[in-house]
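What follows is one structure encoded as structure tokens, with my remarks underneath.
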Amino acid sequence: MEKSVDALYEKQNIDDESLKLLIDADDAEYLQEKARTVRRKYYGSAVYTRGLIEFTNYCKNNCFYCGLRADNKNLQRYRLTKEDILLCCTKGYELGFRTFVLQGGEDMTYSDDEICDIVHEIKSRFTDCAVTLSVGERSFETYKAYREAGTDRYLLRHETADEAHYKKLHPESMSLTNRKRCLFDLKKLGYQVGSGFMVGSPYQTADDLVSDLRFLQKLQPDMIGIGPFLPHSDTPFRDEEKGSLKRCLNLIAILRLMFPYALIPATTALGTIHPMGREMGLKAGANVVMPNLSPTGVRELYSLYDNKICTGEEAAECRECLARRVRSAGFELVTDKGDVKRNLTDIDTRGGK
Ligand code: SAH
Ligand code: SF4
């Protein structure tokens, strides 16, 4: 195993069989140690923070895993107005957030012009901030309009890179081909692009995970978000097993070694599967946290999966709690836009080595 880790460290690549062994490794101390070394080389001790604004829980899609799916009639739906969103940003800015992530279901009620207007307003009021959108699959023209309005980044997980597996997670109306088209369009338009996948989604095999890593090598995304699949009681996957913490942590470390420059979040799903999940994620090589800036009144309603954490706290409490957790893991939460560092000339040395 140490040999595979060393090879991955040296060449950012190893063969499929060795990857599978690392994905399921029981003793991952060496793997994680190497991942931390790489992460420190590129990002020092800095952990970047993104203020997540979940602005709508309406969605036209029906992904089998997700609680926001259109067919879930047990969910009270909400939309935030432009003013609500700007209030979240104002509060977030005061707390030290320099990136705002606007995430939602595929809610066609907001026109392209409305989204562009919201992005433009945030960018003009908070000139030293980045805006990230995460609103699913759209046309090239729509992505182009968002980009021209000032959007810096876009998050769209590919979810699974295997065609047959994709079909088991999504209805007929959705396709992996379109998902990939979206991701390459976003790259073409000059976004910093985030992709990723759930770990332990139903029917996922170790081979699928290797396909996911291979797909990411083709895409070369700036951000890579992974987290465990967690069942939601109002979805067809209500009785499925949740993802494995071990696999998540091994994969974070593998991703760090394969993509040394990448921004990798310790996700809320990881914090939901284990009380110390996010700290473990940081120690395995993650360097981003995404606390919630949504108004507390709607947090429960953005229910992708059951038992989501941090639905009760105010934004300030969330930030303080995370700053504490980050420190306890040996890193430092910084006030920074947190752009990707593709080469070692921009390395971050804050917090020492
Ligand atoms: N509608 C947008 C953004 C919201 S969903 C989109 O689909 O891209 C954001 C992410 O939540 C998804 O990419 C998915 O990977 C994750 N997610 C959804 N349901 C989940 C579940 N049951 N367990 C874990 N993650 C889930
Ligand atoms: Fe909608 Fe995204 Fe959930 Fe799919 S994962 S149902 S697109 S919110």
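I want the antiparallel fraction of DSSP beta bridges within the chain, as a percent rounded to 5. Mind dumping the intermediate values first?
On the way: 1 of 30 bridges.
Close to 5 percent.
Taking 0.36 nm per residue of separation and subtracting the Cα-Cα distance, full extension of the segment from ALA70 to TYR30 would add 10.0 nm. For the pair the stretch 72-136 / the stretch 2-40, the C-alpha centres are spaced 37 Å from each other. The label point for GLN217 and the one for GLN12, both projected 7 Å from the Cα toward the Cβ, are 1.2 nm apart. Entry note, the chain: relative contact order of 27 percent, from Cα contacts under 8 Å with a spacing of 6+ residues.
Ranking GLY243, GLY297, PHE126 by Cα position along the charge dipole of the chain, where only Lys, Arg, Asp and Glu carry charges on their C-beta atoms, puts PHE126 farthest toward the positive end. Where in the stretch 88-109 does the label zone of LYS82 land, with the point 7 angstrom along Cα→C-beta and an amide N cut-off under 17 Å? Flagged as within label range: 88-90, 102, 109. By the count of other C-beta atoms within 10 Å, a proxy for reagent exposure, THR205, THR272 are ordered fewest to most as THR205, THR272.
Annotation: for a label point projected 7 angstrom from Cα along Cα→Cβ of GLU94, residues of the stretch 281-322 with backbone N closer than 13 Å are 315-317. The alpha-carbon of LYS180 sits under 14 angstrom from the alpha-carbons of these aspartates and glutamates, leaving out residues fewer than 8 places away in its chain: GLU137, GLU159, ASP162, GLU163, ASP212. Packing, as the average of other Cβ atoms within 10 Å across residues, places the peptides 178-187, 50-59 in the order 50-59, 178-187, highest first. In sequence order, the stretch 227-244 has phi-based couplings of x, x, 5, 10, x, 10, 5, 9, 10, x, 9, 4, 9, 7, 5, 6, x, 9 Hz under the Karplus curve 6.51 cos²θ - 1.76 cosθ + 1.60, θ = phi - 60°, and Gly or Pro positions carry x.
Any read-out appearing in this document is the output of simple, stated calculations on the displayed coordinates, not a laboratory observation. Quantities reported herein were computed from a predicted structural model and do not represent experimental measurements. Note that we place each Cβ from the backbone using ideal geometry, even for glycine, and neighbour counts take in every protein chain shown.
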